[in-house]
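K.L.:
I have a structure I would like to understand better, so I am pasting it below and will then ask my questions one at a time.
The values are calculated or read from the model by the stated rules, or taken from the named source; none is laboratory data. Quantities reported herein were computed from a predicted structural model and do not represent experimental measurements. Cβ placement follows ideal geometry from the backbone for every residue including glycine, while neighbour counts extend to all protein chains displayed.
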Amino acid sequence: MDNPSRNVVKIKLRDILILGFAFFATYFGAGNLIFPPQLGLVSGTSYGPALAGLTVSGIILPVFALIIISFHGDVRRITEHVGPYTYNVLLAMLMIICTFVSIPRTCATAIQLGIQGNFPEVPFLPSVIAYFVVSYWFTSDEDRVLDKIGKYLTPFLALILIVIGIVGVISPIGVPVEASVENAFVNAFLGGYNTGDVLVSFIMAAVFIQSVRNKGYEDNRSRNKMMIACSIVTVILLFIIYGSLLYMGACVSGEFSSDMGRADLLVAIIRHVGKFVMIPMGIAIILACLTTAVGQVAAVADFFRTASKEKLGYKTLVIGTCILSAATALLGVDGIVTYIGWIYSISYPPVLALMVLGAFAKVIPNDGAYKGAVYSVTVYAFLEAFPGLSSLGFAKTVVAAMPLSQAGFGWVIPFIAGLILGTAAGCFIADKKAA
């Protein structure tokens, strides 16, 4: 990890708020709007455990991952223990997911809920084009991407969502009924994966850290303190808004079917709160999606520019990312959601493994431990979730026999086994070289 410097810069409240709001806005996008109400709908009277599960996977884990990365300096400091190409392979995969899943989903959600939810006659294709033109404008100035988000977009977004959430909680729109799922906590925990926010931490870490440095917090200790302070702002905002959206979903659990479309459910909830919130909520939805898209487009362009050794220009990559994401957005919200489940199920375990290894880096004995843990978890993730492979008999047998698999923690045992075997292999290799 980085060595802390003694010349610590005094942290300014204004910087905490601007960057904290920007961090929150980058995390809070399409999935964060459409998944909490649906989790509340199926949880009903068990909305408390459901909120706890969503808080762990959708708030605590992403923010914790970001802080761990900050303490290491960047993602590469963690992945280099696994192998020299791990960073590029992992980040390239995550950036592709951004381009073809996360960013298009923000666009489709913004249009279908934010615009067409209020004005159904607005055509989809021109709206997609307009969305990415605006995204380009915000993203084109590389040095001020998060500043623009934190100063201009997020305060208005947060205010609208918090006010609507308070109204929905103080004046309940219905009465929760018995849950339609067996374990609301586990269901919500796994549902939190679909927000993709742990992946966002790895995707956006470089942009977040650079934004903190641009504010003058360049020494390691000041940077880490600033990242923690901004993360606290993010946690508070996410918890308030997640909690209110999930609760409102629970309040209509006796009225709507548990298989109701996510976008349709959110629109129905908004209408229950009152027609007066339709336009403000539409604006909030557009802003929530746009802020996430802007941050992720910038991250994708920055990564591939660096990976190409500056052969590809930042603005060229921004344009390319916007075009590819726009084409995918034409599938619509439900079209995109149909294929994200297995993608996130494969991506999350290796990233969580890296997060745990990064957190305990000081006591990890050798690089073999990193290799064993990450490789084992990755193989298990493919067996569990990859279409075609997961349907094979041996894959089903492995997953069924794995403790904690039903709770979404099937990767834990492969992680521990890989860690132990990898450590032993690392020690053996080291002894052999010493001899």
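K.L.:
So the check is Cβ under 7 Å with 6+ separation or different chains; which pairs have a first residue in the stretch 269-296 that's within 19 Å of Tyr247 (Cα to Cα) and free of Cβ contacts under 8 Å to residues at least 60 places away in the same chain and a second one that's small (Gly, Ala, Ser) and in a helix (DSSP H, G or I)?
P.N.:
Qualifying pairs under 7 Å: none.
K.L.:
If you take just the helices (runs of 4 or more DSSP H) that sit entirely in the stretch 18-131, which of them hold at least 3 residues that are touching a residue at least 24 places away in the same chain (Cβ under 8 Å) and surrounded by fewer than 24 Cβ atoms within 10 Å (Cβ to Cβ)?
P.N.:
Of the helices (runs of 4 or more DSSP H) lying wholly inside the stretch 18-131, those with at least 3 residues that are touching a residue at least 24 places away in the same chain (Cβ under 8 Å) and surrounded by fewer than 24 Cβ atoms within 10 Å (Cβ to Cβ) span 47-55, 61-72, 86-97.
K.L.:
Next question, about the same structure. How many residues, within the stretch 384-435, are under 19 Å from Trp342 (Cα atoms), of a type in the set (A, V, I, L, M, F, W, C), under 26 Å from the mean Cα position of the chain (by Cα) and assigned to a helix (DSSP H, G or I)?
P.N.:
Number satisfying all stated conditions: 4.
K.L.:
Within the stretch 212-227, can you find the residues that are closer than 12 Å to Gly73 by Cα, of a type in the set (Lys, Arg) and within 25 Å of the chain's Cα centre (by Cα)?
P.N.:
Arg213, Arg223
K.L.:
Still on this structure: Please go through the stretch 50-66 and pick out each residue that is over 14 Å from Val351 (Cα atoms) and among the aliphatic types (A, V, I, L, M).
P.N.:
Ala50, Leu51, Ala52, Leu54, Val56, Ile59, Ile60
Table: residues versus (1) in a loop (DSSP other than H, G, I, E, B); (2) at pLDDT 90 or above; (3) surrounded by 23 or more Cβ atoms within 10 Å (Cβ to Cβ).
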position: Phe185; (1), (2), (3): no, yes, no
position: Leu190; (1), (2), (3): no, no, no
position: Cys230; (1), (2), (3): no, yes, yes
position: Leu245; (1), (2), (3): no, yes, yes
position: Ala250; (1), (2), (3): no, yes, yes
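K.L.:
In the stretch 303-321, what residues are more than 18 Å from the chain's Cα centre (by Cα) and either closer than 18 Å to Ser102 by Cβ or hydrophobic (A, V, I, L, M, F, W, C) (or both)?
P.N.:
Phe304, Ala307, Leu312, Leu317, Val318, Ile319, Gly320, Thr321
K.L.:
Determine whether the stretch 207-218 contains at least one residue that is closer than 26 Å to Pro280 by Cβ, surrounded by fewer than 20 Cβ atoms within 10 Å (Cβ to Cβ) and in contact (Cβ under 8 Å) with a residue 60 or more places away in the chain.
P.N.:
Scanning the stretch 207-218 turns up no residue that is closer than 26 Å to Pro280 by Cβ, surrounded by fewer than 20 Cβ atoms within 10 Å (Cβ to Cβ) and in contact (Cβ under 8 Å) with a residue 60 or more places away in the chain.
K.L.:
Looking only at the stretch 299-327, which residues are among the hydroxyl-bearing types (Ser, Thr, Tyr), assigned to a helix (DSSP H, G or I) and surrounded by fewer than 20 Cβ atoms within 10 Å (Cβ to Cβ)?
P.N.:
The answer is Thr306, Tyr314, Thr316.
K.L.:
Determine if the stretch 363-372 includes at least one residue that is over 19 Å from the mean Cα position of the chain (by Cα) and either without any contact (Cβ under 8 Å) to a residue 12 or more places away in the chain or under 19 Å from Ile97 (Cα atoms) (or both).
P.N.:
Scanning the stretch 363-372, I find at least one residue that is over 19 Å from the mean Cα position of the chain (by Cα) and either without any contact (Cβ under 8 Å) to a residue 12 or more places away in the chain or under 19 Å from Ile97 (Cα atoms) (or both), so the answer is yes.
K.L.:
Next up: Do you know which residues across the stretch 283-328 are among the small types (Gly, Ala, Ser) and modelled with pLDDT of 85 or more?
P.N.:
Correct list: Ala293, Gly295, Ala298, Ala299, Ala301, Ala307, Ser308, Gly313, Gly320, Ser325, Ala326, Ala327.
K.L.:
May I ask you to verify whether Ala329 is of a type in the set (A, V, I, L, M) and either under 23 Å from Ala263 (Cα atoms) or touching a Phe, Trp or Tyr at 6+ places or on another chain (Cβ under 9 Å) (or both)?
P.N.:
yes
K.L.:
Name the residue, out of Asn194, Asn187, that is in contact (Cβ under 8 Å) with a residue 60 or more places away in the chain, of a type outside the set (D, E, K, R) and closer than 28 Å to Phe138 by Cα.
P.N.:
Step by step, each of Asn194, Asn187 is checked, and only Asn194 is in contact (Cβ under 8 Å) with a residue 60 or more places away in the chain, of a type outside the set (D, E, K, R) and closer than 28 Å to Phe138 by Cα.
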